[in-house]
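Report on the following structure.
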Amino acid sequence: MISKILVPVKRVVDYAVKIRIKPDKSGVDTESVKMSMNPFDEIALEEAVRLKEKGVVKEVVAISLGPAGCSETLRTAMALGADRSIHVETNQDIQPLGVAKVLQKIVLKENPQLVFTGKQAIDDDSNQTAQLLAGLLGWNQATFTSKVELKPEEEKAVVTREVDGGLETLSVNLPSVLSADLRLNQPRFAKLQNIMKARKMPIERLTPEQVGVDITPRTKIISVTEPPSRKSGVKVDSVTELVDKLKKEGIL
């Protein structure tokens, strides 16, 4: 049996919310906006919980980096099946390298055999943290996973991952870092009794300074702007009319 899986979960603007840019164009406005767990992290958490339910994993630990509101994301994680959680609290913007360095320190402290992340966050779409963490730890990695089978007796994970040409199956030695793709599973809804129970569960609280990591950003956002509005479409009555319009536009 694998002793522990560490699952990083990020607090992001809910996917159903229309994004607003700050008036000074310094970033996205998150004031009075619904926040939720990053969907890809939720998929990773669901898979970790399922592995625990199958009896191949003993403990699932959730971790989040960010402001005080991340505690709610961690309580959601515990309501969904995480056994305990860690909050590295900071109000400073954290870029992927800083996140990976903090996670490296937590991994060395917690000693999990597997770190399961989402493939990317829907706010910055960086898709960097899992790869950076694996590099810092010197661990094996498998990204964009759509199927995972753990073989604890062999200390291996057999992973199917999505690539441009189709699917690729890999066998990676543990410890490893995996990142979850969209089609890995369908996350469950938290039961009311589990939500109430999670409210009373303790959260271990740390700071980047206590962990011993400098999270100062290496890059600076100069400006954030909305994409240009799209032109309205045109309806045509026939294929002939469509072809004529495409020719006039120089597309054909």
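Listing for the model above:
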quantity: Farthest positive-ward along the chain dipole, Cα basis, beta-carbon charges - from Thr76, Val7, Val56; calculated: Thr76
quantity: Part-to-part distance (alpha-carbon centres) for segment 68-144 and segment 1-38, which is given in Å; calculated: 13 Å
quantity: Among Phe189, Phe40, Phe116: highest mean-square fluctuation, GNM of the chain, C-alpha pairs under 10 Å; calculated: Phe189
quantity: Test item: Cα-centred dipole of the chain, Lys/Arg +1 and Asp/Glu -1 on Cβ, debye; calculated: 480 debye
quantity: Normalised contact order of the chain, rounded percent, pairs of Cα under 8 Å and 6 or more residues apart; calculated: 24 percent
quantity: Other-chain or far-sequence residues with amide H under 5 Å of Asp29's (modelled H); calculated: Arg20, Ile21, Lys22
quantity: Projected-area mean, segment 1-136, by convex hull of Cα positions, square nanometres; calculated: 8.1 nm²
quantity: Relative contact order (%) - criterion: Cα under 8 Å, at least six apart; region: segment 1-41; calculated: 50 percent
quantity: Relative contact order [Cα under 8 Å, 6+ residues apart], segment 54-196, whole percent; calculated: 23 percent
quantity: Placed amide H near Arg205: partners under 5 Å, 5+ positions off or other chain; calculated: His87
quantity: Packing-based ranking, highest mean first, of 195-207, 120-132, 22-34, 223-235 given that Cβ atoms within 10 Å are counted; calculated: 120-132, 195-207, 22-34, 223-235
quantity: Segment 94-201, accessible surface, carbon-and-sulfur percent (1.4 angstrom probe); calculated: 48 percent
quantity: In Å, descending, principal axis extents of the Cα set of segment 1-64; calculated: 52, 19, 15
quantity: Descending semi-axes in Å of the chain, equivalent ellipsoid built from Cα gyration tensor; calculated: 36, 25, 19
quantity: Accessible surface ranking that places the most exposed of Ser3, Ser176 first, with a 1.4 angstrom probe; calculated: Ser3, Ser176
quantity: Per residue, in Å², the accessible surface of the chain once ligands and nucleic acids are set aside, probe 1.4 Å; calculated: 59 Å²
quantity: Estimated vicinal HN-Hα couplings, Hz - segment 118-132 in sequence order (Karplus 6.51, -1.76, 1.60; Gly, Pro = x); calculated: x, 5, 6, 9, 7, 8, 10, 6, 6, 6, 10, 4, 4, 5, 5
quantity: MRE, 222 nm, helices only [DSSP H, n ≥ 4, -39500 (n - 2.57), over the chain, to nearest 500]; calculated: -8500 deg cm²/dmol
quantity: Estimated vicinal HN-Hα couplings, Hz - segment 99-115 in sequence order (Karplus 6.51, -1.76, 1.60; Gly, Pro = x); calculated: 4, 4, 5, 5, 4, 4, 5, 5, 4, 5, 7, 8, 6, x, 8, 8, 10
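The values are calculated or read from the model by the stated rules, or taken from the named source; none is laboratory data. What you see is a predicted model, and the numbers here were worked out from it, not measured in a lab. Methodologically, a virtual Cβ is constructed for each residue, glycine included, from the backbone with ideal geometry; neighbour enumeration extends over all protein chains shown. Just the protein is used for accessible areas: all its heavy atoms, side chains included, with ligands, DNA and RNA removed. Shrake-Rupley method; radii C 1.70, N 1.55, O 1.52, S 1.80 Å.
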